[in-house]
1. When the residues of region 207-223 are narrowed to those that are farther than 16 Å from Phe233 by Cβ and of a type in the set (Gly, Ala, Ser), which ends up nearest to the chain's Cα centre (by Cα)?
2. Scan region 70-86 for residues that are touching a Ser or Thr at 6+ places or on another chain (Cβ under 9 Å) and not in a loop (DSSP other than H, G, I, E, B) and report the count.
3. Residues that are of a type in the set (Phe, Trp, Tyr): which strands (runs of 3 or more DSSP E) entirely in region 132-227 hold 1 or more of them?
4. Do we have any residue at all in region 25-33 that's in contact with a Gly (Cβ under 8 Å, 6 or more places away or on another chain), more than 30 Å from Arg151 (Cβ to Cβ) and either modelled with pLDDT of 50 or more or in a helix (DSSP H, G or I) (or both)?
5. Go through region 47-58 and report how many residues are touching a residue at least 24 places away in the same chain (Cβ under 8 Å), surrounded by fewer than 17 Cβ atoms within 10 Å (Cβ to Cβ) and either part of a helix (DSSP H, G or I) or polar (S, T, N, Q) (or both).
6. If you scan region 245-282, which residues turn out to be modelled with pLDDT of 95 or more, hydroxyl-bearing (Ser, Thr, Tyr) and touching a helix residue (DSSP H, G or I) at 6+ places or on another chain (Cβ under 7 Å)?
7. I'd like the full set of residues that are in a helix (DSSP H, G or I), at pLDDT 95 or above and crowded, with 21+ Cβ neighbours inside 10 Å, limited to region 88-115.
8. Out of all the residues in region 260-273, is one or more buried (at least 21 other Cβ atoms within 10 Å of the Cβ) and among the charged types (D, E, K, R)?
Amino acid sequence: MTKSRIIALVVLATAGLLTTGALAFQPPGPSRRSTSFKRAHASTWSEVFASPRPIRVETLDTGIVHFPKELLLNGDHPAMDGFVDDGSPLRVFAHLVRHEHRGDVLIDTGLDDVYATEPLGHMRGIGRLVMGLLGLSFSQRPGQDVHTQLRNANAELAAIYFTHLHSDHATALPTFDQSLPLYTGAAELDDLGHRLNHGLVDDARILRELDFANAVTLDPLGRAIDLYGDGSFWAISTPGHTTGHVSYLVNGHEGPVLLTGDACHMRWGLEHGVSPSGATPETTEQAQASLDSILAFIKRYPQVRVVLGHQTL
């Protein structure tokens with residue numbers, strides 16, 4: 001049995017116990033509402049890139065996540081026979097997106113300062129137990145936390161957008177103001193990963209689920225939402241690693257930037273065409289399809305800067 005199947009079985013078994021209430025109480029969670037956007041007029045990414053907008057993105061490196069890399073990848077992919085961990089760290093990013101007229105938003109939360117001294121931070125309950133057993137922990141230098149970096153950048157956040165709700169992407173959420181609008185992919189709250197990491201998105205918050213039903217299809221990435229309506233900031237449906245996983249594209253004057261989130265964790269996966277693992281064989285297939293679309297996009301548009309979920313290129 002491959003390591004990816006072992007971790008999948010652990011996650012599925014634990015989620016089953018959570019569902020039945022045998023191990024822990026699953027809190028009611030936040031209220032959710034579907035959020036629709038006007039259908040974009042663009043028909044190709046070339047058309048989008050021809051009109052860059054007054055927007056830029058700053059990637060904040062807030063610490064390191066320690067986890068066996070092979071468990072993050074589809075262990076059944078043939079290329080995994082040649083996997084060798086090069087020892088490069090897996091960074092925990094938050095992305096500060098700054099639009100000249102729309103203000104500042106954050107993509108994922110990064111780590112707050114509790115992670116300088118607490119390896120599992122805000123994780124609690126069965127999620128803390130299971131992830132600890134699988135080898136998850138975080139580390140951080142003093143002053144590297146997301147809030148210090150946001151203050152240094154004089155950022156005034158209007159919202160937080162998530163790639164997905166795994167602990168290494170939503171872990172600092174409890175330290176952000178509860179009035180901030182939160183956006184994520186549809187059904188992300190129902191994903192097994194979120195159930196294991198429950199407690200990060202509490203029931204006092206409202207989660208706005210991005211509705212891709214009216215999204216435009218821009219090959220080769222697929223369904224995309226023009227979030228601001230001016231071609232500057234795009235949400236892209238990239239399911240598989242989680243149910244509602246979303247990647248983002250920022251189309252600024254400094255050149256377009258694709259933020260893959262965990263549709264691709266690391267350089268090795270991108271270079272060898274190996275997708276992240278999903279919670280089930282079916283979602284892992286979805287994850288591979290999402291990665292294949294990203295690879296085709298990068299080949300077609302080499303001018304796009306790519307920032308992976310936990311490493312830069």
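1. Per the criteria, the residue is Gly222.
2. Step one: filter region 70-86 for residues touching a Ser or Thr at 6+ places or on another chain (Cβ under 9 Å), giving 70-77, 80.
Pick out the ones that are also not in a loop (DSSP other than H, G, I, E, B) and you get 70-73, 80.
Total meeting the criteria: 5.
3. Qualifying strands (runs of 3 or more DSSP E): 137-139, 157-161, 182-185.
4. no
5. Qualifying residue count for the region: 1.
6. Thr260, Ser275
7. Passing the criteria: none in range.
8. Checked against the condition, which is being buried (at least 21 other Cβ atoms within 10 Å of the Cβ) and among the charged types (D, E, K, R), region 260-273 yields at least one hit.
The values are calculated or read from the model by the stated rules, or taken from the named source; none is laboratory data. Keep in mind that this is a model prediction, so the values were computed, not measured. Neighbour counts are summed over all protein chains in view; Cβ atoms, including those assigned to glycine, are modelled from backbone coordinates with ideal geometry.
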